[in-house]
Amino acid sequence: MKIQAARVIVTCPGRNFVTLKIETDQGVYGIGDATLNGRELAVVSYLEDHVIPCLIGMDPRRIEDIWQYLYRGAYWRRGPVTMRAISAVDTALWDIKGKMAGMPVYDLLGGRSRDGIMVYGHANGGDIEETVDAVGSYIDMGYKAIRAQTGVPGIKDAYGVGRGKLFYEPADAALPSVTGWDTRKALNHVPKLFEKLRATYGFDHHLLHDGHHRYTPQEAANLGKMLEPYQLFWLEDCTPAENQEAFKLVRQHTVTPLAVGEIFNTIWDCKDLIQNQLIDFIRCTVVGAGGITHLRRIADLAALYQVRTGSHGATDLSPVTMGAALHFDTWVPNFGIQEYMRHTPETDEVFPHDYRFEAGEMFVGDTPGHGVDIDETLAAKYPYKPAYLPVARLEDGTMWNW
Ligand code: CS2
Ligand code: MG
């Protein structure tokens, strides 16, 4: 069996997606997601110019060997561009293997560990009242877990506050828009949101919050401590994770569970945080961390330390990633939660899929492979549109972490 052709499809049904389609000489094909929000075309070139020429003629059944070939063979290891390209190949190959075997990917991995996948949605609002209402509507939709973000008085476009209620989309401009940040104001405000949420809805639902890399370790520790009475499911990206020692300081001061990893690419980014038991949830996902083959290694390492998975699932990860992730989640023993930001109806149409949402959980179907396809004719109607994530600046103009 041989890989006969592979091509990259770029489409923008409301937002940009990069998809790799691998075709075999036996008529079976597989697809993988290679979307890197705001830097999409770098991965397109990486795949078209440097990966696809090597793939032609290879045996698509050798998933592990092809993974090692692309990782070791590049010499330049890791990084978001390389690892997204590897992930797209890997995901497409698992799709092909599933189709060949007549089995869904979760069965190839070892079978079901659970029926439904608990997901969390994003509730946000311009102020506390609006966010409290938004959380209420997620509860009405059946969600068991909800991420809550709110606008902060005095901060221009605080992180996490979108325009739409269901389709929060941060990459919103042809050049990065400028948002503001002020840690003091956020620290005054965020605990009040959770106080109000618990007073309004009680403690039956899981609540989550994303710090989006904004706080210093000391500030993050302070926030975690202030949030303790509200029993969060997790506090995410409370401080940047390049210097992982920083999490020691946070950990020493708070029992609020910590989640990190949506921008990690490999097990090497996760290793110290996991082995030193500095986090509770690892946020790596299929597209971000080298596909199913590599994510499995990360989850197995995490399991040794009772760290659970909590895969990134923002709208910039295509339905292909969502499908593959849900198969992974259906199997992985140390599953925690899955993020689920809904895609727009246009996106769902371009990527027909068999996963579905019901009562706060997602369910995968039994279609062989990962169960997500791409309608290429429809995809061609939505050409690429440059779109960037915002940047953040402090009041005096200093660049901060968006
Ligand atoms: C966020 C993301 O979902 C999350 O937790 O941090 O929305 C993130 O900002 C985007 O994926 C960036 O592309
Ligand atoms: Mg996040």
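The values are calculated or read from the model by the stated rules, or taken from the named source; none is laboratory data. Predicted model only: the values in this text are computed from it and were never measured. Note that we place each Cβ from the backbone using ideal geometry, even for glycine, and neighbour counts take in every protein chain shown. For the accessible areas, the whole protein counts, side chains as well, though only heavy atoms, and no ligand, DNA or RNA atoms are used. Shrake-Rupley method; radii C 1.70, N 1.55, O 1.52, S 1.80 Å.
So here's what we get for this one:
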| item | result |
| --- | --- |
| Separation in nanometres of the label points that stand 7 Å from Cα toward Cβ, at Asp300 and Lys192 | 5.0 nm |
| Förster radius 35 Å - calculated FRET efficiency between Tyr75 and Thr216, Cβ distance, rounded to 0.05 | 0.45 |
| Within segment 338-372, backbone nitrogen closer than 18 Å to the virtual label 7 Å beyond the Cα of Lys381 toward Cβ | 344-353 |
| Considering only the chain, percent of DSSP beta bridges that pair antiparallel, nearest 5 | 45 percent |
| Using a Förster distance of 41 Å, the FRET efficiency for Ser177-Arg114 (Cβ separation, nearest 0.05) | 0.55 |
| Whole-percent carbon and sulfur share, accessible surface of segment 3-103, 1.4 Å | 53 percent |
| With at most 15 other Cβ atoms within 10 Å, longest stretch of the chain clear of loop GluC sites (Glu not before Pro) (DSSP) | 1-241 |
| Lysine pairs with alpha-carbon atoms under 18 Å apart, segment 109-368, spacing 8 or more or separate chains | 9 |
| Inter-label distance for Cys54 and Gln277, nm, one decimal - labels placed 7 Å from Cα along Cα-to-Cβ | 4.0 nm |
| For segment 109-368: accessible area per residue (Å², 1.4 Å) | 37 Å² |
| Label-point separation, Asn243 to Arg62 (7 Å along Cα→Cβ), nm | 4.5 nm |
| Qualifying lysines (Cα of each under 22 Å from Cα of Lys2; at least 8 residues distant if same chain) | Lys21, Lys97, Lys99 |
| Residue among His50, His213, His343 with the largest mean-square fluctuation in a Gaussian network model of the chain, springs linking Cα atoms under 10 Å | His50 |
| Difference of contour (0.36 nm per residue) and Cα-Cα distance, Val255 to Gln231 | 7.7 nm |
